[in-house]
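Shown next, in C-alpha cells, is the structure this report addresses.
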Protein chains: 2
Amino acid sequence: MAQTHPLNQEISLSVIKTACSNCNLRELCLPFGLSLEELERLDDLVSTRRRIKRGDHLYRAGEVFDAIYAIRSGFFKTDVLLEDGRDQVTGFQMAGELLGLDGISTEHHTCNAIALEDSEICAIPFSRLEGLSREIHTLQHHFHKVMSREIVRDHGVMMLLGTMRAEERLAAFLLNLSQRFTARGFSHAEFYLRMTREEIGSYLGLKLETVSRAFSRFQEEGHIAVQQKHIRILNVNGLKALMNHRASC
Amino acid sequence: MAQTHPLNQEISLSVIKTACSNCNLRELCLPFGLSLEELERLDDLVSTRRRIKRGDHLYRAGEVFDAIYAIRSGFFKTDVLLEDGRDQVTGFQMAGELLGLDGISTEHHTCNAIALEDSEICAIPFSRLEGLSREIHTLQHHFHKVMSREIVRDHGVMMLLGTMRAEERLAAFLLNLSQRFTARGFSHAEFYLRMTREEIGSYLGLKLETVSRAFSRFQEEGHIAVQQKHIRILNVNGLKALMNHRASC
DNA sequence: GCGTTCGCTTGATCCAAGTCAACCATAAAA
DNA sequence: TTTTATGGTTGACTTGGATCAAGCGAACGC
C-alpha cells in the first residue's frame with residue numbers, strides 16, 4: 001500500500017535516511033507521481049543531503065554545474081550580479097522547490113543561491129537524473145513540467161516588473177507567498193518573511209523605502225498587519241483587488 | 001561522412017522535404033549535436049511544417065498544448081494577457097528558436113505566439129519528442145539545455161526590467177538582436193526591426209514614446225542610424241558603454 | 001492621384017518612485 | 001545595563017519616464 005497521506009506520515013527515527021520515499025515533500029517535489037518502485041530508484045540517486053547555514057551559499061555564479069538541488073527545509077534566494085555591480089534577486093525558493101536549473105544551459109551556474117535561514121537540501125547529480133529519466137517516463141515528464149513551470153513563473157515576474165506599479169507588485173508578491181505557504185500546509189494568512197525589505201525590493205524592482213511605504217499603506221488600509229517580518233493577511237480580496245487596480249481606471 | 005559545413009550546403013530541389021537533416025538551422029535548433037542516423041529519427045517526428053502569415057497566431061493562451069514549434073523562417077513575438085487587459089510581450093523569437101516550452105507545465109499554452117512576418121514553423125509533437133529523447137541521450141541533453149537557456153534568458157530580462165533605465169534597456173535589446181542576427185549569418189550592424197515601437201516598449205517595460213526618444217537620442221549621439229524600422233549600429237562599444245552606465249556613477 | 005490609416009516623432013506637463021536624510025526598533029555585543 | 005549594528009520607517013525633495021497632445025511620413029486602398 002503505497003498511498004499514505006502525504007503530509008501526515010509518521011517516520012520512526014531509525015528509518016530516516018536521505019530518501020525521497022520518506023520525504024513528506026515528495027508530492028511537491030521531483031518524485032511527484034512516481035510509483036513506489038520508481039521512488040526507490042530515485043532514492044539511490046538522491047544520496048547526498050547537505051545543511052546550509054543562514055547566509056551561506058549553496059552555489060555561486062560561475063561554478064561548474066553538476067547537480068540540481070531540492071530544498072528539504074529552509075528558504076533560499078537566488079540572485080544575479082552584473083559586471084557593473086548591480087544585482088537583482090531572481091527568486092525566493094522554499095521547501096520542495098528545485099534550485100540550479102539555470103546551470104544546465106552552460107554547465108555553469110549563472111546565479112548565486114543563498115540560504116535565508118538554516119536549510120537542508122538534497123543534491124541530485126544531473127547526469128544521473130537524465131539517465132533515470134530516460135528509463136522512467138513519469139520522472140522525465142514531471143521534470144520537464146518543473147522546468148516549464150519555472151519559465152512560466154519567470155514570465156509572471158516579467159509581467160509584474162513590466163506592467164505593475166509598486167503596490168500591485170507587493171500585493172502580488174504577498175499573495176504568491178501566501179499561496180505557496182498554503183501548499184506546504186502552513187497558514188495562508190500569517191507568516192514570517194525570511195527576506196529583508198531590500199531583498200524584496202530587489203526582486204520587485206523597487207527600492208527598500210518604496211517597499212516599506214507600501215507595507216505601511218497596506219496596513220493603514222486594513223489589508224494586512226505588519227510587524228517587522230511578521231505578516232498577517234487580513235483581507236485577501238483587498239490585496240487581490242489592489243493587484244488588478246488598472247481594471248478600474 | 002556526416003559532417004558537411006552546416007551553413008553552406010547545397011540542396012537539390014528534389015530532396016526538399018520537412019526534415020531536420022536538410023535544414024540549415026540544425027546547428028542552432030533542436031538537432032544540434034546529433035549523428036546522421038539520429039537526425040533521421042528526428043526527421044520522422046518533425047513531419048508537419050506550417051506557414052503562418054504575418055499577424056496570425058501560431059497558438060493562443062489557453063489552448064491545449066501538444067507540440068513545441070521550431071521556427072524555420074520568419075519572426076514571432078509571444079505575449080501574455082492579464083485579466084484586467086494589460087499585456088506584455090515576453091519575447092521575440094527568430095529562425096532556429098523554439099516556441100511553446102511554457103505549455104509543458106500545465107498542458108495548456110500560457111501565452112500567445114504571433115507571427116511578425118510571414119513565417120514557417122515545424123511542429124514537434126511533444127510526447128513523441130519525449131519518447132525519442134528517452135532513446136537519444138544527446139537529444140535529451142540538448143533539449144534540457146534549450147529549456148535551461150530559456151530560464152537564463154528570462155533572468156536576463158528580469159535584470160533588465162528590474163535594474164536598468166530606459167536607454168540601458170534599449171541598448172541591451174539592440175545588442176541582443178544584433179548578436180542573434182550574427183549567429184544566423186546576417187549582418188550584426190544592419191537589420192530591420194520586425195516589431196513596432198509599441199511592441200519593443202511592451203517587452204522592455206516602457207512606453208512607445210520613451211522607446212522613440214531613446215532611438216532619437218542614440219542617433220544624436222552617433223551610436224546608431226535609425227530610419228523607421230531600419231537600424232544601423234555605428235558604434236557597438238558606445239551601446240555597450242551605455243548599458244553599463246551605472247558603473248561610472 | 002488622393003485620402004485614410006498606422007506607426008513614429010517631438011514637445012509640454014505631471015506624477016510615481018527614487019534619493020537623501022533623519023530617526024526608531026530590535027537584537028546582539030560589551 | 002549601555003553600546004553598537006542592522007534593518008525598518010517616515011518625511012522632504014527630485015527626477016525619469018508616463019501621459020497628453022499635436023504633427024509628420026510611409027504605405028495602402030480606392
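The values are calculated or read from the model by the stated rules, or taken from the named source; none is laboratory data. Every value quoted in this text rests on a predicted model; they were computed, and no experiment measured them. Glycine also receives a Cβ, built like all others from the backbone with ideal geometry; neighbour counts cover every protein chain displayed. Accessible surface areas use protein heavy atoms only, side chains included; no ligands, DNA or RNA. Shrake-Rupley method; radii C 1.70, N 1.55, O 1.52, S 1.80 Å.
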Can you run down the residue pairs with Cβ atoms below 7 Å, 6 or more apart or on separate chains, where the first is in the range A:106-118 and on the phi > 0 side of the Ramachandran plot and the partner is open to solvent by 20 Å² or more (accessible area, probe 1.4 Å) and among the aliphatic types (A, V, I, L, M)? A:Glu107/A:Val64
With the checklist (1) within 16 Å of DNA strand C (Cβ to nearest atom); (2) open to solvent by 30 Å² or more (accessible area, probe 1.4 Å); (3) in contact (Cβ under 8 Å) with a residue 12 or more places away in the chain in hand, flag the one item A:Ala172 doesn't pass. (2)
In the range B:92-122, residue least open to solvent (accessible area, probe 1.4 Å) [restricted to those that are under 28 Å from A:Phe126 (Cα atoms) and part of a strand (DSSP E or B)]: B:Leu99
Restricted to the range A:225-249, and to residues that are more than 10 Å from chain B (Cβ to nearest Cβ) and of a type in the set (S, T, N, Q), which residue is surrounded by the most Cβ atoms within 10 Å (Cβ to Cβ)? A:Asn235
Considering the range B:191-224 alone, what residues qualify as being more than 8 Å from DNA strand C (Cβ to nearest atom), surrounded by fewer than 15 Cβ atoms within 10 Å (Cβ to Cβ) and within 24 Å of the chain's Cα centre (by Cα)? B:Tyr192, B:Lys207
Test A:Ala183 against the criterion of being under 30 Å from B:Leu206 (Cα atoms) and either assigned by TED's automatic domain parsing to the domain that holds A:Gln227 or at pLDDT 95 or above (or both), and give yes or no. no
Looking for something more than 11 Å from DNA strand D (Cβ to nearest atom), at pLDDT below 95 and not in a helix (DSSP H, G or I) - is there at least one such residue anywhere in the range B:238-249? yes
Answer yes or no: is there a residue in the range B:131-143 that is aliphatic (A, V, I, L, M), facing chain A (nearest Cβ under 10 Å), part of a helix (DSSP H, G or I) and within 30 Å of B:Arg26 (Cβ to Cβ). no
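Matching residues to (1) closer than 18 Å to B:Asp102 by Cβ; (2) more than 16 Å from DNA strand D (Cβ to nearest atom); (3) buried (at least 19 other Cβ atoms within 10 Å of the Cβ):
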{"residue": "B:Pro125", "(1), (2), (3)": "yes, yes, no"}
{"residue": "B:Thr138", "(1), (2), (3)": "no, yes, no"}
{"residue": "B:Phe143", "(1), (2), (3)": "yes, yes, yes"}
{"residue": "B:Met147", "(1), (2), (3)": "yes, yes, yes"}
{"residue": "B:Gly156", "(1), (2), (3)": "yes, yes, no"}
{"residue": "B:Asn176", "(1), (2), (3)": "no, yes, no"}
How many residues are surrounded by 19 or more Cβ atoms within 10 Å (Cβ to Cβ), touching a Lys or Arg at 6+ places or on another chain (Cβ under 8 Å) and more than 17 Å from A:Leu129 (Cβ to Cβ) when one looks only at the range A:69-89? 2
Of residues in the range B:21-39 being modelled with pLDDT of 90 or more and not in a loop (DSSP other than H, G, I, E, B), the one least open to solvent (accessible area, probe 1.4 Å): B:Leu39
Counting just the residues of the range A:7-20 that are in a loop (DSSP other than H, G, I, E, B) and exposed (fewer than 14 other Cβ atoms within 10 Å of the Cβ), which one comes out modelled with the highest pLDDT? A:Lys17
Within the range B:217-228, identify whether any single residue is within 10 Å of DNA strand D (Cβ to nearest atom) and at pLDDT below 95, and answer yes or no. yes
Selection from the range A:40-94 of residues that are at pLDDT below 95 and within 14 Å of another protein chain (Cβ to nearest Cβ): A:Leu81, A:Leu82, A:Glu83, A:Asp84, A:Gly85, A:Arg86, A:Asp87
Would you check which residues across the range B:93-146 are within 17 Å of the chain's Cα centre (by Cα) and charged (D, E, K, R) and list them? B:Glu97, B:Asp102, B:Glu117, B:Asp118, B:Glu120, B:Lys145
Could you list, in sequence order, all residues of the range A:178-216 that are more than 10 Å from DNA strand D (Cβ to nearest atom) and within 14 Å of chain B (Cβ to nearest Cβ)? A:Ser202, A:Tyr203, A:Leu204, A:Gly205, A:Leu206
Looking at the range B:56-68, is at least one residue surrounded by 15 or more Cβ atoms within 10 Å (Cβ to Cβ), in the same structural domain as B:Thr110 (by TED's automatic domain parsing) and over 18 Å from B:Gly103 (Cα atoms)? no
Would you check if A:Gly162 is at pLDDT 95 or above, facing chain B (nearest Cβ under 8 Å) and either assigned to a helix (DSSP H, G or I) or in contact with a Cys (Cβ under 7 Å, 6 or more places away or on another chain) (or both)? yes
